[in-house]
Structures are given as C-alpha cells and as structure tokens.
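Just below is one structure, and these are the notes that go with it.
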Amino acid sequence: MCMLFKLVLLYLWVHWVNQGSDFVTGRSGNVTSGTVFVNGTASIGKTDDNFICATLDWWAPNKCDYGTCSWERSSLLNLDLSNPILLNAIKAFSPLKIRMGGTLQDKVIYETKDDKSPCAPFVKNSSEMFGFSKGCLPMSRWDQLNVFFKKAGAMVVFGLNALNGKTIGSDGSATGAWNSSNAESLIRYTVNKGYSIHGWELGNELCGTGVGAKVAPDQYASDVKSLENIVQNIYRGFEVKPLVIAPGGFIDTNWFAQFIQRTPKSLQVVTQHIYNLGPGNDNQLINNILDPSYLDGGAQPFRDLEAILKNSATPAVAWVGEAGGAYNSGQNLVTNSFVNAFWYLGQLGMASSYDTKTYCRQTLIGGNYGLLDTATFVPNPDYYGALLWHRLMGSNVLSTSFSGTTGVRAYAHCSKQSQGISLLLINFNANISVNVRVVTDGEQAPRVKLGNTSREEYHFTAKDENLHSQKVVLNGKILALNSSGGIPPMEPVNRSMTDPIIVAPFSYVFSHISSIILPACIN
C-alpha cells in the first residue's frame, strides 16, 4: 500500500512537471521578480472589436528586393482562393478585417463597363514609377475575391487609385483633381452585385513627402470629399454605409493636421503606415527587434496622430492601415519567424494604448512578413499571436506599467466576451525568467473566491529555442495544422491565483484573469 502511494505521488509530480515547469522555465539562467500594475478605474483607449487586421497587396511575382523575389503568387490578382488553409486562417477570426491595397493601388484601373481600355496586367518596367506599368483589376477577379471574402467572413477595406487624372511633376508632386469616374464605376458595380465593403480608402502613401508621388493636403481633402459624395450617393438608403478612409501613409504632423482640418465631415478614418524597423536587408534588424528601448521609440507616430485628432473638430478615428515593420518585403527568417512577435505584439499594445482602433499587418500573405507563409500558406508564428490577441483582448484598454527588470513589457485590456482582464507579458531577456505578480487599482471584487481560484495562461516560445524558427510552441506543444488544413486549438493551462506568472526568457504570455473585476470593465 505504501509503495502504491509513493507511485501515485511520483506520477502526480511527473505530471505536474510535464504540464508546467518545462514550458515556463525555457533557457537556463537567472530568475527575477517583477510586478504589473493595472489601473482599472477607467480605460485609456478603446479599440474596435475587430482590432486585428491584415493586408493583401498587388505585387507581382517578379517584385524583388535586395536580389530576392518573395511575393510568388500572393497578389490580389493571382492568390489561390481555393486553398483551404487560407480560408480556414481567415475564418478563425470570425471576422478578420482585410485591407486590400499597397504601393501599386494608385496604378490600378478597374475593368468596368465605363472603362474602354484593355485590361492588362502589371508589367515590370524600371522606367515607370514603382518599377511597374499600370495594371488592371478584371471584374471577374473582383467577383472571385468578393465571393471568397463572403465565404471567409472577412470585413473588406479596398484601397482606391487616388492618382487617376492627376499630373505628376518632376519632383513627384501630383496636381489636379482626382478623376473619380473609374472608382465610381467600381463602387456602383460592387453595390449592384450585393458585395459588402466595410470601407473605401483613397490613396496609398501620397501624403507628406510621399513615396513616388505626393499630393498637397488641400487637394487631398478635396478628393476625399469627392469620394464621400460618391459613397453617400450610391449607398443612399443603406442603413450602414462604408467608411471613407484616408490618407494611408507615413505621418507628417503638419500635413496630417492640415488635411484633417479640411475634412471635418467627409472622413471617418485616418490611416497611417508603420515601418519603423528600417529596410529589410538591415543586418541589425534582429537586434533592433530584441531591444525594448529601441522599440519604445515606435510609440511616437501613435502619440502624434492621437494628439492631432484630439485637437481637431473631426470625429474621425485613427487606424494603422499598413505595418510590416521592415520595409521592402521584410527579411526572411526574421519578420516571418518567432522573433518578430517582440516587435508585432508590442506594436499592438502601444497602438491600442493611444486609441488606435484598428491595426493592419502587412501582410496576411506575401513578402517575408506575412502572417501566412507565402509558398505553403501555413501560419507563421505571428498569426497565432494575432489570433489569440483577437480572442482575448477586449476593446477597453487599461493603463499598465511594469516594475522590475527593464526587459519586460506589459499590456492589459478588459477581457473580450468574458469578465475580468486579459494580460500580455513579453520577456526580452535572453537568460532571465521573470516571476510576475499582478496588482490592480479600483478592483471591485475579491481576487480569489470559491470556485474561481485560478487563471488561464498561454505561454509562447520558439521551437528548440531558435528565435528564427517559423514554428511556435504553446504551453509546451508545437502548434500545427490538422490534416484538413484547420487551425489548431489554442488551449490554456490553469494556474493558481496565488502563484506568480512565470515568463520564460525570450517568450511571451497571455493570461486571462476572470476574477479581477475593474470599474473600467463594467458596462
């Protein structure tokens, strides 16, 4: 009997080790302690319920950067819409916002009945702006895209050609009014077909000094008013109309302030782009991603846009319309690997804390920064981080600070579709595990009560502790698609509320704590 009792104890101990300590200790090294302080008296920002967004681009297979061609067949014009992994990956969000656009959108002609020119594809031409000729969107492809997105349950934002009808000078200045006729034909076609569009965005990176071309703020404001008039006219009688969105570019505070001042009633969303890690071929890229002080500097664009909107009369809200971190397609085995989460998840946390409503990742698929692998469609590590954020982090953002090691970043929101709070902890330390305690202000209920003495934790680490890995480990198990290309379940482990949250080196942890009830989270 004594031997049986000892065997039972041994089994329970081994089970505990397998369920807990392996995936929370990670690399050998030191252990330190820290405290997360969450101020729950009031929220500091509010995101859309569907904060997570991803982009689809126009780039052709022969779009190459630094001698590498990483786009393959990921364009809006040639993406395999029959791929079951693609469908499952989008459906898992229920819904996912998808922004269709990018550099070449301002060179796209729409093959509508009002357009008489041949519908030709993009052709590489180094003498042309952006290195490609004008291209065309066939209405047959537009039909396919809309049928697919309806099946996938996506919320679609489409970027319109804002350069149509303009003259581009030698300094890149695009002058003259926007010729909206082709865009208007596309919008009418879309409505007549019964396709649902969440928003129409005008232009891509034409604000400020521009990328390839630039439009003055007063002219851009006039063009946006034209788009608003078209939307109001075509969608007359619709209970819900698509959003009018602009300008989709890098923030220039003077330009943005003038533009927003001139669009107080015609604009619902102001979009900016984020590529704060530099070029994709930077050999310091991974070091910058792992340097929390470097990444902290990325808060400035959010802070600037928030201030401009607060000081204006506009009801428009802020979005990140495109963010890939490293421009020119990113860097293979960095921006599509586990290490990129240290940039991406930090960006989600910072953006939401500055009242950014939506954050669109460049890309869903394409280049070296896709949430899905460009060749296989298999999710890259950031896909799972984005999906869990979408499921756990509610729209009310909480003021959050961390004391202890400088290598930890913490973000907290009211939980999504459940009581309590959801917490994200990111440990940038290479060899230090951090035992984290949670302290709150304004708590309305006992932390630990009968029947609710545990919290849920999701510990993410790189496979084999290789930061360049494109496989991610959740609570000790590699996340992999099932035989039908389905997204695997992401199950938490339960931990006692009396224990600290153990954040392993070079890892991140989501935690849902249902027993912390804060005023900011009570409707």
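The values are calculated or read from the model by the stated rules, or taken from the named source; none is laboratory data. The structure displayed is predicted, hence computed values, not measured ones. As a convention, Cβ positions derive from the backbone with ideal geometry for all residues, glycine included, and neighbour counts pool all protein chains shown. The area values use the complete protein model at the heavy-atom level, side chains included, leaving out ligands, DNA and RNA. Shrake-Rupley method; radii C 1.70, N 1.55, O 1.52, S 1.80 Å.
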Given a cut-off of 20 Å, what percent of all Cα-Cα pairs of the range 366-472 lie beyond it?
54 percent
Among L398, P489, T374, whose Cα projects farthest towards the positive end of the dipole of the range 347-494, with charges put on the beta-carbon of Lys, Arg (+1) and Asp, Glu (-1)?
L398
Based on the Cα atoms of the range 48-394, what semi-axes does the equivalent ellipsoid have, where each is the square root of 5 times one gyration tensor eigenvalue, given in whole Å with the largest first?
27, 24, 21
Set the Förster radius R0 to 41 Å, insert the Cβ-Cβ distance between S496 and D291 as r into 1/(1 + (r/R0)^6), and round the FRET efficiency to 0.05.
0.75
With the cut-off at 20 Å, tell me which of the pairs K134/K214; K193/K225; K150/K193; K357/K416; K107/K150 have Cα atoms farther apart than that.
K193/K225; K107/K150
Roll a 1.4 Å probe over the protein heavy atoms and report the accessible area of H459 in Å², nearest 10.
0 Å²
Accessible-area order for D57, D49, D355, largest to smallest, probe 1.4 angstrom, reads D49, D355, D57
In terms of the charge dipole of the range 48-394, which places +1 on Lys and Arg and -1 on Asp and Glu at the beta carbon, the residue among T271, A307, A154 farthest towards the positive end is A154
In the range 187-289, which trypsin sites (Lys or Arg not before Pro) fall in coil by DSSP and have 15 or fewer other Cβ atoms within 10 Å?
K193, R236, K265
Carbon and sulfur: what percent of the chain's accessible surface (1.4 Å probe)?
51 percent
Top to bottom by accessible area (1.4 Å), largest first, where do D282, D114 land?
D114, D282
Distance in nm between V378 and S126 label points, each 7 Å along Cα→Cβ, equals 3.7 nm
Ranked by accessible surface with a 1.4 Å probe, highest first, in what order do S483, S180, S329 come?
S483, S180, S329
Need the full-extension length gain, R303 to T68, defined as separation in residues times 0.36 nm minus the C-alpha distance. One decimal, nm.
81.1 nm
Quick one, could you list the DSSP H helices from the chain stretching 20 Å or more along their long axis (Cα atoms) with average Kyte-Doolittle hydropathy of 1.6 or above?
2-16
Toy charge model, Lys and Arg Cβ at +1, Asp and Glu Cβ at -1: the chain dipole around Cα centroid in debye, rounded to 20, equals 940 debye
